[in-house]
Amino acid sequence: MAIKTLDEVEFGVDLPTFVPDTSLAITTKFAKLVGWDGPRFTDHEAAKKEGLAGAMVPGILSQGYLVAMIHNWAPAAEVLAVDTVFRAPVIADEAHTITGVVTDIDEEDGKVEIDLTVANEKGETRVFGTATVKLPKLPK
Amino acid sequence: MDADIEEIREKYLNLDFDEKQFTIDPETTIQYATLCGETADRFLDANHEDFQAPPTFVASLSGGRMLPKDFPRFGIGMDAGKGVECLQPVRPGSTLTGKTHLHDIYTKTGRSGRMIFVVTRIEFYDAEGNHLVNSDSRMVMRERS
């Protein structure tokens, strides 16, 4: 069930797991959209020649997945900040899951802090980050 | 903090070294949102009353340069992360001005030696001069031995 207001959020609760579309078709389209259409983002074989395990998902797309996950959980959430660390490449066409957990709630200001992680099928963390979002409060 | 880092912090932090205009194309922001997996109408429907670019869209906008012209080259730079701080929504169809400065410089030392982290921040303003959003790029340079 989608979260609508701050009072529905509990400290320590896990957000519903989000499975992003990391297919090469999507990541290539994204890379071209933002002008990052070098072969490392669009071609597995070319990326392997650069020493990568395959074509990479652009880091800013992974960041976009994190925010989309938050909006899937709480459509009205206003993202105030998101900070992302690219720990290791996210490889296109490999399955990844995004998990999130509520680590702080500021009842006064209506803010929620969420820790987010992108992991591959082996459970290895590829990207992690923290987001601060604002949610509507129930009228008193 | 190492003396050389203290010195370059004093010389470079918080000084604008680049300015660039960006036109925010509605079709592009909608595609951006769609490819990220956004489902909220305010990012996908140009007719929505609160139509806006997805919060991280500005991370895709690059200034004219990442570092000041005479910034010391410690080694090859790699993308270590991105951050976005949203103050007001970015409206598709508007024109933004991005002003770039170095926001932070720090080091971490590991088994392979010293790594220098540089945070480049672009502050985005609308045509009225309202500060809308900050976009940070964190670059790490492994020092040449």
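Each principal axis of the Cα cloud of the stretch B:25-104 was taken in turn, and the coordinate range along them, longest first, works out to 48, 24, 20 Å. In whole angstrom, note down how far apart the Cα centers of the stretch B:35-94 and the stretch A:118-140 are. Rounded to whole Å, the Cα centres lie 18 Å apart.
Each residue, residue A:8 and residue B:14, gets one label point 7 Å from its Cα in the Cβ direction; the gap between the two is 4.2 nm. Classified by the C-alpha gyration tensor, the protein assembly as shown has a rounded form. Its axis ratio a/c, with a ≥ b ≥ c, is below 1.5.
For chain B, the relative contact order comes to 28 percent (Cα pairs under 8 Å, sequence separation of at least 6).
Partner shielding of A:69-75 amounts to 4, given as the average count of beta-carbon atoms from other chains within 10 Å of each residue beta-carbon. Look at the alpha carbon pairs under 8 Å that are at least 6 residues apart: their mean separation over the length of chain A gives a relative contact order of 30 percent.
Of the Cα atoms belonging to the stretch B:95-142, the radius of gyration and Dmax stand at 14.6, 49 Å. Within the stretch B:82-132, antiparallel bridges make up roughly 100 percent of the DSSP beta bridges whose residues both belong there. Largest accessible area first, the residues A:41, A:128 order themselves as A:128, A:41 under a 1.4 Å probe with ligands, DNA and RNA left out.
Roll a 1.4 Å probe over the protein heavy atoms and report the accessible area of residue A:36 in Å², nearest 10. Roughly 60 Å² of residue A:36 is accessible to a 1.4 Å probe.
With a 1.4 Å probe rolled over the protein heavy atoms of all chains, the accessible area of A:26, A:98, B:76 falls in the order B:76, A:26, A:98, largest first.
Summing charges over all other residues whose Cβ lies under 10 Å from the Cβ of residue A:131, with Lys and Arg as +1 and Asp and Glu as -1, gives -3.
With 10 Å bins beginning at zero, the pair-distance distribution over Cα atoms of the stretch A:32-116 amounts to 15, 40, 26, 14, 4, 0 %. What is the angle, in °, between the Cα long axis of helix A:24-33 and the longest principal axis of the Cα atoms in chain A? Nearest 10 is fine, range 0 to 90. With rounding to tens, the tilt is 80 degrees. Against the main long axis of the alpha-carbon atoms of chain B, helix B:26-36 sits at an angle near 70°. Counting Cβ atoms of other protein chains within 10 Å of each residue's Cβ and taking the mean over peptide B:23-34 gives 2. Among the GluC sites (Glu not before Pro) in the stretch B:34-102, those placed in a DSSP loop whose Cβ has at most 15 other Cβ atoms within 10 Å are B:49. Taking every alpha-carbon pair within the stretch B:60-142, the share separated by more than 21 Å comes to 36 percent.
If you model the stretch A:73-140 as an ellipsoid using its alpha carbon gyration tensor, with each semi-axis the square root of five times an eigenvalue, the axes come out at 29, 11, 9 Å, biggest first. In the assembled protein chains, residue B:97 presents an accessible area of approximately 20 Å² (probe radius 1.4 Å).
Measuring nothing but how far apart in sequence close Cα pairs (under 8 Å, 6+ apart) lie, relative to its length, the stretch B:49-116 scores a relative contact order of 40 percent.
The values are calculated or read from the model by the stated rules, or taken from the named source; none is laboratory data. This is a predicted model, so every value here is computed, not measured. Because the Cβ atoms are built from the backbone with ideal geometry, glycine has one as well, and the counts that use them run over all protein chains shown. All accessible areas refer to the heavy atoms of the entire protein, side chains included, with ligands and DNA or RNA removed. Shrake-Rupley method; radii C 1.70, N 1.55, O 1.52, S 1.80 Å.
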